[in-house]
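Worksheet: the structure to be examined is printed underneath.
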Amino acid sequence: KLEIYSENILEQLNEVREKVYNLENNMEDVDAINKQLAEFESYIIMKNPRLSQSEVKDISTSVIANAVINNIDPNLIMFVIDAESDFYPNAVSKAGAEGLMQLMPFNSVLYNINPFDIKQNIMAGTRHLKCALDRFNGSIPLALAAYNAGAGRVIKAGNRIPQNSETPYYVRKIMNNY
């Protein structure tokens, strides 16, 4: 009976050690996320000082949350937002793209979102970017080209960056920052 009792205590002790280890690792993750949030918030404020503190927080937390959900580097999402809208949630392009990640109206309908809602726009834009990454086997330059010009144009260009007036510059701009 004493041996069985000792084994149970050892098992419980090992379980406690594992829980403490996992807790310590989770605290490191929390610290890393908080550090990244602070860095993103500083960057966003530098790029668009007119945003309210709550808008800055919504952007930074939405970027990180959607990056985790979609398994995308949050820095890539940040640089897409920077290139698309300079962090202006109500931006509208000459072509009609709307919001932070400059979604075309048909994409807003597809994702059933309000393109001017920060959280919804980042959620849909990140999903759209993830689809492009998946479609082009994780190639960031091709995914960015598809995000900018449309996947059909990338395919039509032979799975290369379309050589129109905007897309090569757009891809280069993000890749240089990334």
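One table, with the values for the structure above:
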{"quantity": "Segment 64-143 - percent relative contact order, Cα under 8 Å, separation 6 or more", "calculated": "21 percent"}
{"quantity": "Centroid-to-centroid separation of segment 153-178 and segment 102-143 [C-alpha atoms, Å]", "calculated": "17 Å"}
{"quantity": "The chain, accessible surface, carbon-and-sulfur percent (1.4 angstrom probe)", "calculated": "53 percent"}
{"quantity": "FRET efficiency, N114 to Y169 (Cβ-Cβ, R0 35 Å, nearest 0.05)", "calculated": "0.75"}
{"quantity": "Under 12 Å, Cβ to Cβ, from G125 - net charge with Lys/Arg +1 and Asp/Glu -1", "calculated": "0"}
{"quantity": "Angle between the chain longest axis and helix 118-135 axis [Cα atoms, degrees, rounded to 10]", "calculated": "90 degrees"}
{"quantity": "Percent RCO, i.e. relative contact order, over segment 34-178, from Cα pairs under 8 Å lying at least 6 residues apart", "calculated": "17 percent"}
{"quantity": "With 10 Å bins from 0: P(r) over segment 31-99, alpha-carbon pairs, percent", "calculated": "21, 53, 24, 2, 0"}
{"quantity": "Under the Karplus curve 6.51 cos²θ - 1.76 cosθ + 1.60, θ = phi - 60°, whole-Hz ³J(HN,Hα) for segment 53-59, x wherever Gly or Pro sits", "calculated": "4, 5, 5, 4, 5, 4, 5"}
{"quantity": "Accessible area (Å², per residue) of the chain, counting only protein heavy atoms and a probe of 1.4 Å", "calculated": "61 Å²"}
{"quantity": "In degrees, nearest ten, helix 140-149 long axis to first principal axis of the chain (Cα)", "calculated": "40 degrees"}
{"quantity": "Reciprocal of mean inverse Cα separation for the chain (Kirkwood radius, Å)", "calculated": "18.1 Å"}
{"quantity": "CD proxy at 222 nm, helix term only [per DSSP H run n ≥ 4: -39500 (n - 2.57); per residue of the chain; nearest 500]", "calculated": "-24000 deg cm²/dmol"}
{"quantity": "Net dipole in debye of the chain [+1 Lys, Arg Cβ; -1 Asp, Glu Cβ; about Cα centre; nearest 20]", "calculated": "1080 debye"}
{"quantity": "Relative packing of peptides 54-63, 167-176 - highest average C-beta neighbours within 10 Å first", "calculated": "54-63, 167-176"}
{"quantity": "With Cα atoms, 0 to 90° folded angle of helix 74-85 axis to the chain main axis", "calculated": "20 degrees"}
{"quantity": "Accessible area, probe 1.4 Å, largest first, for residues E41, E28", "calculated": "E28, E41"}
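The values are calculated or read from the model by the stated rules, or taken from the named source; none is laboratory data. From a predicted model like this one, the values you see are computed outputs, not experimental measurements. When we count neighbours, we look across all protein chains shown, and the Cβ atoms used for this are built from the backbone with ideal geometry, even at glycine. Heads up: the accessible areas ignore ligands, DNA and RNA and are worked out on the full protein's heavy atoms, side chains in. Shrake-Rupley method; radii C 1.70, N 1.55, O 1.52, S 1.80 Å.
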